[in-house]
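Have a look at the structure below before the remarks.
The values are calculated or read from the model by the stated rules, or taken from the named source; none is laboratory data. Note that the structure is predicted; figures quoted are calculated from it, not measured. Note: ideal-geometry Cβ built from the backbone for every residue, glycine included; neighbour counts use all protein chains shown. The protein model used for the area step is the full one, side chains on, heavy atoms only, and it has no ligands, DNA or RNA in it. Shrake-Rupley method; radii C 1.70, N 1.55, O 1.52, S 1.80 Å.
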Amino acid sequence: MDMLEWGDEEQEDDFRDELERYESQLSSGSIGFFDSDSLEAIVDHYLISGFYSKAEHAASIGMEQYPFHTLFFVRRAQSLSGLGRLKDALNQLDDIENRVVNQTELFATKAAIFSQLKDSKRSILFYRKALEQADNEEKDDLFLDLATELEQLNDYRAAIEVLQEAMHLNPNNEGALYELAYCYDQIDDNEQAIRAYQLFLDENPYSYTAWYNLGNTFSKVQNFEMAIESYEFCVTINDKFSPAYFNLGNAYLSNEQFQHAVKSFLRCIELDGEDAHTYCYLAESYENLEDLPAAWDYYQKALTLIPELAEAWIGLGIVKDLEGEPKLGLRYIQRALELEPDNPSYHHVFAGALENAEMYEEAGIAYLDCLELDPANEDCFFDYVDYLIEYKTGEARTFVEKYSLEHHYFFSILPLIYISWIQNEKQTAKIMLIECFNKEPEKTKDLFVRYPDLAEVEELVNLTK
């Protein structure tokens with residue numbers, strides 16, 4: 001065992017004395033007799049510390065002094081594994097397999113070695129053998145190790161079954177809860193993840209970790225009201241769990257409950273201390289509350305912690321733009337772009353600020369920079385089309401037609417309906433609207449969100465009923 005696991009100070013002192021005696025004898029080249037517990041503790045200390053050569057030597061001495069104590073043989077195999085001598089380690093374990101009474105650790109060690117050899121199938125076989133003989137306390141880590149090997153084979157559903165068994169056996173196995181979230185994320189089955197956590201919580205309603213992961217899953221499917229409820233349960237059970245406050249703040253922010261977001265982020269800072277990213281989210285919350293001086297202050301606080309945090313620089317630029325000083329904001333946005341030149345969102349913000357600053361040619365270039373980096377950026381696409389309609393009307397239709405042919409995004413067709421309508425091509429607009437509605441009825445209704453004046457045209461609205 002590691003010396004930190006000894007029960008009291010007296011035992012720790014005894015261990016240190018034995019370790020000093022061992023190392024003194026090692027330096028002199030002559031190792032005397034040690035009782036098995038002391039020698040085992042010395043081997044474990046070296047293993048935990050990563051001193052595998054020393055651990056292998058000490059384990060070999062244990063094998064000589066206690067040839068019937070098979071644990072030293074297992075420890076030598078573990079040391080050899082740490083040294084990368086994997087075949088020697090396996091041979092060592094094969095030699096003693098029939099002599100070991102409790103084979104749990106032997107099988108687990110074999111499984112770990114096969115994992116190092118990238119032989120997940122054999123690793124899984126031995127982890128299952130280890131689980132068959134393990135006591136409940138040992139099973140927590142074994143379940144996680146088995147699930148990890150199944151994940152290596154991309155068998156996430158089998159890993160989910162293992163993790164659910166782990167949670168059933170020990171509801172406090174937090175590692176299994178987090179790993180379960182990862183597996184569901186990999187198979188993109190958030191609905192099943194939600195059901196699994198809800199079923200678990202029916203039997204274990206005070207598991208704050210489960211409430212936290214349920215909240216994360218609701219956030220992924222953008223059900224922010226349920227995410228908020230889940231995070232609230234989490235922090236009610238554990239009011240010092242800062243990750244839940246941070247994610248709760250984000251859920252409130254997404255749900256446009258900005259005052260609540262502020263409270264959550266402030267609580268997160270109270271628990272964890274100053275954090276640049278939390279300051280940025282706090283600033284964004286104040287920004288949405290139209291408290292621009294507070295937003296400015298928190299973005300500045302973020303920069304005192306991380307001077308090259310692009311997120312904070314872009315925030316300062318947005319604040320200046322919102323204050324009606326877009327030209328002053330441009331230098332902050334440009335600094336963000338220097339730090340993250342491939343961030344499409346920053347190019348989009350830059351384009352909007354340039355347009356507000358009446359730098360129209362530069363704005364058009366910035367919009368295109370964003371769309372080149374992220375052709376699926378729907379908001380930027382519509383903003384650029386609006387820009388063309390406003391300042392370069394003749395280019396709008398050509399751009400949209402070319403874009404929709406190149407990228408095949410359904411949303412890219414919708415501006416053609418609007419352009420046709422405002423250019424008095426009413427029948428063309430109606431035909432296109434009917435065709436779009438037949439293909440994607442719900443997405444077609446976005447037309448009236450993007451172009452509210454069309455929502456006032458009864459004959460068009462009637463075509464989507």
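Couple of notes before you dig in:
- Entirely in the range 349-431, the helices (runs of 4 or more DSSP H) that have 1 or more residues that are over 23 Å from residue 322 (Cα atoms), hydrophobic (A, V, I, L, M, F, W, C) and open to solvent by 50 Å² or more (accessible area, probe 1.4 Å): 360-373, 393-407, 414-422
- Here the range 354-410 is the region considered, the condition is being β-branched (Val, Ile, Thr) and in contact (Cβ under 8 Å) with a residue 24 or more places away in the chain, and the residue that is nearest to residue 450 (Cα to Cα) is 385.
- Residue 328 vs. criteria among the aliphatic types (A, V, I, L, M), open to solvent by 60 Å² or more (accessible area, probe 1.4 Å) and closer than 27 Å to residue 347 by Cα: yes
- Total residues in the range 353-395 satisfying the condition of being small (Gly, Ala, Ser) and modelled with pLDDT under 95: the figure is 1.
- In the range 90-100 there is no residue that is surrounded by 23 or more Cβ atoms within 10 Å (Cβ to Cβ) and modelled with pLDDT of 90 or more.
- Count of the range 273-326 residues which are small (Gly, Ala, Ser) and part of a loop (DSSP other than H, G, I, E, B): 2
- Test for residue 322: is it farther than 21 Å from residue 379 by Cβ and among the hydrophobic types (A, V, I, L, M, F, W, C): no
- Contact map, the range 19-32: residues that are over 18 Å from residue 45 (Cα atoms) paired with residues that are open to solvent by 70 Å² or more (accessible area, probe 1.4 Å) and in a loop (DSSP other than H, G, I, E, B), Cβ distance under 9 Å, separation 6+ or inter-chain. No pairs are found.
- Here residue 81 clears all of (1) buried (at least 18 other Cβ atoms within 10 Å of the Cβ); (2) over 20 Å from residue 104 (Cβ atoms); (3) hydroxyl-bearing (Ser, Thr, Tyr) except the condition numbered (2).
- Taken over the range 100-126, the residue count meeting the criterion of being of a type in the set (Ser, Thr, Tyr) and farther than 20 Å from residue 87 by Cβ is 1.
- Scanning the range 283-325 for residues that are among the polar types (S, T, N, Q) and either more than 21 Å from residue 269 (Cβ to Cβ) or surrounded by fewer than 20 Cβ atoms within 10 Å (Cβ to Cβ) (or both) returns 288, 300, 304.
- Criterion applied to 31, 48, 61 was being in a loop (DSSP other than H, G, I, E, B) and either open to solvent by 50 Å² or more (accessible area, probe 1.4 Å) or aliphatic (A, V, I, L, M) (or both), and the one residue passing it is 31.
- Set side by side, the residues 152, 103 differ, and just one is closer than 21 Å to residue 71 by Cα and open to solvent by 20 Å² or more (accessible area, probe 1.4 Å), which is 103.
- Each residue in the range 190-246 was checked for being under 21 Å from residue 268 (Cβ atoms), open to solvent by less than 60 Å² (accessible area, probe 1.4 Å) and β-branched (Val, Ile, Thr), and 4 of them qualify.
- Test: residue in the range 37-45 that is over 28 Å from residue 122 (Cα atoms), outside any helix (DSSP H, G or I) and at pLDDT below 90: no
- Residue 282 vs. criteria in contact with a Leu (Cβ under 9 Å, 6 or more places away or on another chain) and at pLDDT 95 or above: yes
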